[in-house]
Amino acid sequence: MKEKIKKYFSENYKTIEKEIIDLTCEMVREKTINVISEKLPEFPFLKFRGEEYRVGNIVKRELDKWGIPYEEHSRMEGRPNIIGKVGTNKSGKRLLMAAHMDIVPAGDGWDTDPYDPVIKDGYIYGRGVLDDKGPLASIMVAAKILKNVIGDEGLSGEFQMAALSDEEAEDPDGIDYGVKYLVDENLLDATFSIIPDIGENMKRIDIAEKGRAVFKITAIGKQAHGSTPERGINAIYKMAHLIEKIENLKFKYEVSPTLGEPTLNLGEIHGGAAPNIVPGDCYIYIDIRSVPGMTKEYILETFNNLTKEVDGEFKVELLSWNEPHEISPDNDLVRSIQENGKEVLGFVPEPFGMGGGTFAKTLNLAGITSVGWGPGDDEAYHVANEYVEIKQLVDFALMTCLISIDLLR
Ligand SMILES: [Zn+2]
């Protein structure tokens, strides 16, 4: 069966390439920008965050055309999650390939219109061509080819092609419309999953991701008139002392073979109201990427102890937390990517761990063996003149078919 697929790709390369390009460009023209609610007014053409239905309609139109059945799950109208299915599900093995339909805003510095994709010298340029609409087009076309060339009966397991919402922005209200919604509602039943959302030009497989904790720490002072600072307590001074401690903070941890060391970033500071007011409060936000062994209780206690070393009143709040995860590189999913990579791509993709997070974390924590792996340059994410190499998108579609056959036969 793998030979049949390879033959189909070599005989129909130009058609497949055109189909992937056309789908990618059509989806890029839809401005499915996802930002937190507070920033929504900066995009007056958006009625709500993401508006992923614009891309979802394209996905459904194609699946209908190709005779591929799909499920649609939405926490709210207009923000769909679509899962197309090819195969028979006799073996009980299911491979989910999930890409997201939302994008980050274009930002400044583009040489061309970010929403009017340009094709030049084997590359496509535009917002979302890599993250994640190009890879989405690849897995859609792979689903179609599996259906047409192998047929449902040719797979004893099930290939699931998903187009999801709400990856790019985490609203402070904590309500998720994408993968976390699907996991919470028990709507996913995959055995394995591949998330094409890391770049690395298919050369590396993300098998581990650090945990993430976001803290807010507030220094509580006392307001007074700026001309009589002795009557108040300046929260900014208090915070300044604490920040010195934070800069020199050393966590206790064991270096992880795949994830390395934890990181800490003090990313935001706010405080004060006017030059003639003694600031009554000052607060900071800290982003920590943790390695296995660091519990949230430990990190919380570390910050609480730190505030006790500084004279002043502080409040420490943990705003969000997720665990690090790590899967063994010795499993069928990783092996299949490596073996097919060696043959089709001419290299063996290597497992690694990373500090950023993808859908793979949520899925692994929900018990689905998942990796991040896909086409494109990691440096092309979230920047002006985002690009993706067309050949990689076609190779990715071929790899998707071959891996599916391996895992679902
Ligand atoms: Zn992405």
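Projected label points at GLU71 and ILE220, each 7 Å from Cα along the beta carbon direction, are separated by 4.7 nanometres. Report, in degrees rounded to the nearest 10, the 0 to 90 angle that the Cα long axis of helix 13-28 makes with the longest principal axis of the chain. The angle comes out at about 30 degrees. Full extension of the chain between ILE36 and ASP121 yields a length gain of 27.0 nm, computed as 0.36 nm times the residue separation minus the alpha carbon distance.
Percent of Cα pairs in the chain per distance bin of 10 Å, from zero to the largest separation: 5, 21, 28, 23, 13, 7, 3, 1, 0. Take the Cα of SER328, step 7 Å toward its Cβ, do the same at THR263, and the gap between the two points is 3.0 nm.
Dividing the Cα radius of gyration of segment 38-114 by its Kirkwood radius returns 1.08 for Rg/Rh.
Annotation: the residues PHE45, PHE159, PHE347, sorted from fewest to most other C-beta atoms within 10 Å of their own C-beta, follow the order PHE45, PHE347, PHE159.
Which net charge results when you count Lys and Arg as +1 and Asp and Glu as -1 among the other residues whose beta-carbon is under 12 Å from that of GLU17? Mind dumping the intermediate values first?
Values: positive: LYS14, LYS18, LYS391; negative: GLU19, ASP22, GLU389, ASP395.
Value of the local net charge: -1.
Seen against the Cα atoms of the chain and their longest principal axis, helix 53-66 is set at about 20 degrees. Shape descriptor for segment 1-74: Rg over Rh equals 1.14 (Cα atoms; Rh from the Kirkwood inverse mean 1/r).
Which value results when the Cα radius of gyration for segment 193-285 is divided by 2.2 N^0.38 Å?
Numbers: Rg = 20.3 Å, N = 93, 2.2 N^0.38 = 12.3 Å.
Normalised Rg, Cα atoms only: 1.65.
Placing R0 at 51 angstrom, the Cβ-Cβ distance between ASP311 and HIS382 gives a FRET efficiency of 0.80 after rounding to 0.05.
Could you give the angle, 0 to 90 degrees to the nearest 10, between helix 2-11's Cα long axis and the longest principal axis of the Cα atoms of the chain? The two axes meet at around 90 degrees. Note on the chain: GNM, Cα springs under 10 Å; of LYS133, LYS315, LYS180, the largest mean-square fluctuation is that of LYS315.
Every read-out reported here was derived from the displayed coordinates using simple, explicitly stated rules and does not represent laboratory data. These numbers come from a predicted model, not from an experiment. Note that each Cβ is placed from the backbone with ideal geometry, even for glycine, and that neighbours are counted across all protein chains shown.
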